[in-house]
């Protein structure tokens, strides 16, 4: 699926909850729980993205012209956001990843998680994902 | 200021006090704000906001040395503020009260001053295991650059300070004991009297970080008589960017300045400078005049309510919160004690404090999560961080109950 299609799918999924933030967060927490575990060997210092509060581990590999990401976080809400980003950007081409606008975060009402003061490592994770894509294009 | 205090020994009219704080009616995420992040900074009463506004509207001028009326009036306000601060902390000579940018600034000034004069390679400085980074780093910097040693007073299993260990930690090389009066993370009150007594017996310089104590407890510096004491106005209902550095009179003349500049001098030539005496020696540049005025207004507010009343009220809130939290099997409290000042720190078992804080915020409840600038303490406790609820005079039992109800929802959501 293309990134745009996945974004629309996520937006539709979250529209079900309307203004009920509790349900929205329950869903986000469920997404975090369903995120496939990153292999312990990849939870290394170099794969850690240090937020001030919650930590994110991100591993990237290149497979058949596409980037594959696995990740984890020690905070479940952050992990839910991580799961959304993986669903969107994993198994995509580097070109598509670089161009991804990521407007859906705003549309599903979770923009606050991208605020720099959240200090949850998510902004840095997205940056790292895009950097991986840029690096693979440069190779 | 209209301040109705009902029966100064038992009940504060908290609803009347709340009317002094415009921000408390603010809606956050569609909910009425419950502000439990007072350990980070406290909200400001109208009296403080007005005092700052009034200063800039009617008195603003640069102080000292101005011959014109405005400058004289501004100077008077600034020096009156110093007197108010001195009176609040029971300091006889206001010159011992130096305005700083805040607690961190004050500790840096002390550490740098002592590094230039007293401290020698191999000397030891005694800290507690629950110090804030601000009372670790200035000493660590000196230690790293000069071959000094930091020694740490450990905690007992209940997280209170192991006071008995101090006498074994003190050596002939111990030059400074720098301790917080109240742990910003745990809220525990450091038993200062035995500590200061030991320090005196051994001729050790004492530095008290009062940042978390001064907002909650009456502090009598004449009775305590430490060498140095520092605190920040913004945690005491005053503005940011201003704080107090108190020093025992002898240090006014002997502590080397960490920074210098205009305002600190009597005469200057390119060859030599004769420095001013008293507080001015440590206040280079144009000081935060409006800040000092706001600080004084904040102290007047605290004294109108009564600092002992504030402490009593906040202690009731802490005990109520602690009591309610103990009913929840999912909760682990750190530094559980009834001898605390305004702070309660906890975690939900199996939940990251970030998640708890994020969800509480959705309910309009502001708490602090993370390491609270006490990473060594977090390492000691073996945790990444805690959720910290910290109280001020305007918080209510109803807010505590609301917080507990919402915390139960958070437990449900994260289960």
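One line per residue, one yes/no per condition, for (1) out of contact with any helix residue (DSSP H, G or I) (no Cβ under 6 Å at 6 or more places or on another chain); (2) under 22 Å from residue B:356 (Cβ atoms); (3) within 11 Å of chain B (Cβ to nearest Cβ); (4) part of a helix (DSSP H, G or I):
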site: A:46; (1), (2), (3), (4): yes, no, no, no
site: A:57; (1), (2), (3), (4): yes, yes, no, no
site: A:81; (1), (2), (3), (4): no, yes, yes, yes
site: A:98; (1), (2), (3), (4): no, no, no, yes
site: A:123; (1), (2), (3), (4): no, yes, no, yes
site: A:137; (1), (2), (3), (4): no, no, no, yes
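Tell me, which residue of the range B:19-32 that is at pLDDT 95 or above and surrounded by 15 or more Cβ atoms within 10 Å (Cβ to Cβ) is nearest to residue B:301 (Cα to Cα)?
Among them, the one singled out is B:20.
Taking the range B:333-349 as the range and being within 14 Å of chain A (Cβ to nearest Cβ) and either farther than 22 Å from residue A:79 by Cα or in a strand (DSSP E or B) (or both) as the test, the residues that pass are B:347, B:348. In the range B:350-371, what residues are away from chain A (no Cβ under 11 Å) and more than 12 Å from residue B:31 (Cβ to Cβ)? Across the range B:350-371, the qualifying residue is only B:367. In this structure, residue B:61 does not qualify as under 30 Å from residue B:152 (Cβ atoms) and either over 21 Å from the mean Cα position of the chain (by Cα) or not in a helix (DSSP H, G or I) (or both). Screening A:42, A:62, A:25 for residues that are more than 11 Å from chain B (Cβ to nearest Cβ) and touching a helix residue (DSSP H, G or I) at 6+ places or on another chain (Cβ under 8 Å) leaves exactly one candidate, A:62. Taken over the range B:280-322, the criterion of being within 18 Å of residue B:76 (Cβ to Cβ), part of a helix (DSSP H, G or I) and at pLDDT 95 or above is satisfied by B:289, B:290, B:291, B:292, B:293, B:294, B:295, B:296, B:297, B:299, B:300. Among the residues making up the range B:372-395, those that are within 13 Å of chain A (Cβ to nearest Cβ), assigned to a loop (DSSP other than H, G, I, E, B) and within 18 Å of the chain's Cα centre (by Cα) are B:372, B:373. Take the conditions at positive phi and surrounded by 13 or more Cβ atoms within 10 Å (Cβ to Cβ) and apply them to residue B:90. Does it pass? Taking the combined requirement at face value, the residue satisfies it.
Enumerate the pairs (first residue in the range B:16-42 and within 14 Å of another protein chain (Cβ to nearest Cβ); second residue anywhere and assigned to a loop (DSSP other than H, G, I, E, B) and surrounded by fewer than 23 Cβ atoms within 10 Å (Cβ to Cβ)) with beta-carbon separation below 8 Å, excluding pairs fewer than 6 apart on the same chain, so at least 6 apart or on different chains. Short answer, once both residue conditions are applied: B:28/B:364; B:29/B:363; B:29/B:364; B:30/B:364; B:31/B:363; B:31/B:364.
The values are calculated or read from the model by the stated rules, or taken from the named source; none is laboratory data. A quick note: this is a predicted structure, and the numbers were derived from the prediction, not measured. Every residue, glycine among them, receives a Cβ derived from its backbone with ideal geometry; neighbour counts consider all protein chains shown.
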